[in-house]
1. Could you tell me the convex hull volume per residue, in Å³, taken over the Cα atoms of the chain?
2. Give the total of Lys-Lys pairs in the range 3-133 with Cα-Cα distances below 14 Å; include a pair only if its members are 8 or more places apart or on different chains.
3. Thr3 label point, 7 Å along Cα→Cβ, cut-off 13 Å on backbone N: hits in the range 94-134?
4. Quick one: order Cys24, Cys14 by neighbouring beta-carbon count within 10 Å, fewest to most.
5. Distance from the Cα centre of the range 58-134 to that of the range 1-54, in angstrom?
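Where a number appears in this text, it was derived from the coordinates with a stated rule and is not lab data. Worth saying up front: this structure is predicted, and the values here are computed from it rather than measured. Please note: Cβ atoms are built from the backbone with ideal geometry, for glycine as well, and neighbour counts cover all protein chains shown.
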Amino acid sequence: MTTLTPYLLFDGSCKQAMEFYQSCFGGEMTEIRVKDSPAKEFMPVLQHEKILNARLKSGKVDLSASDWLRPDRTRVQGNAVCLYLSGETAEELSALFARLAEGGEVTDPLAEKFFGVYGALNDKFGVRWMFHAS
């Protein structure tokens, strides 16, 4: 089953923001820093303390987030929310990826990563979508 989760992108303040949201909504928060993941091997040391992924689950609230980790692109304030589609298999998401990519810009083609299959795109309306399969 595919699920849709808001995904927030922060400029170095992901941990503080997610702790604030946890104080508002309660629930359980998990986080992983770049330095605690295989991503540290291909990211500059300057990025190692940043949050690679954080998740807050509380009742019906489910938020995911990370710090901005694309030094080749500029994070734009107000345009730092993604729609995050996750599912059981890459096949389940590949058709949605292809449809949403029509007329848009694929920024990260669906590909196997150390944490599963991942891809991202901006659709033809400028909405950012991220995809992940276990």
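1. 115 Å³
2. Lysine pairs satisfying the spacing and distance rule in the range 3-133 number 4.
3. Of the residues in the range 94-134, 132-134 have backbone N under 13 Å from the label point off Thr3.
4. Cys24, Cys14
5. Using only Cα atoms to place each centre, the spacing works out to 15 Å.
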